[in-house]
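To keep things clear, I will list the structure first and then write my remarks on it.
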Amino acid sequence: MIIKRLSILFLILLGFFATDIYSQTCKVMTARMANGGPVYTEVFEYDYVDVKPEFPGGGKSLINFVNSNRNYPALAYQMGIEGRVTCAFVVNPDGKISNIQLLRGVEPSLNQEAIRIISLMPQWKPGKINDTPVPVRVVCCIPFRK
């Protein structure tokens, strides 16, 4: 009876730790097959790597980059449309940006501008696990204020 209870406890704990391991990664669509089906790649989440990806020069440089490259769409500006466009992208092991996705948009022209800004970003310092560069999914907000 005791061995059976220990076995059940072991399986429960194993299940708990196994789900914790898989919660460190997510799947990102990276391509389409010839038949149109998606191809997914497993990447690490930003909060689960030893060394997080970093924009060259750090956070202040990222803000300066966004501010100097942001072109507020004229019609959206005239209409007083404001907000934060939330995007996700992958910083690859070589530091290049790929797989830009819109997570939460504001208005189509602002959404396109946020994606354009992210696509212009230079190579980042890649995220690492055990000193090995790995692909990492990063979430970033691009603000639009009058």
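The orientation-averaged projected area of the convex hull spanned by the Cα atoms of the range 48-117 comes to 5.5 nm².
At a probe radius of 1.4 angstrom, the accessible area of the range 66-139 per residue rounds to 53 square angstrom.
For the range 27-146, the carbon plus sulfur part of the accessible surface works out to 51%, probe radius 1.4 Å. Orientation-averaged projection of the range 83-141 equals 3.8 nm² [convex hull of Cα atoms, one quarter of hull surface area].
The values are calculated or read from the model by the stated rules, or taken from the named source; none is laboratory data. As the structure is a prediction and not an experimental result, all values here were calculated from the model. Protein only, heavy atoms only, side chains kept; ligands, DNA and RNA dropped before computing areas. Shrake-Rupley method; radii C 1.70, N 1.55, O 1.52, S 1.80 Å.
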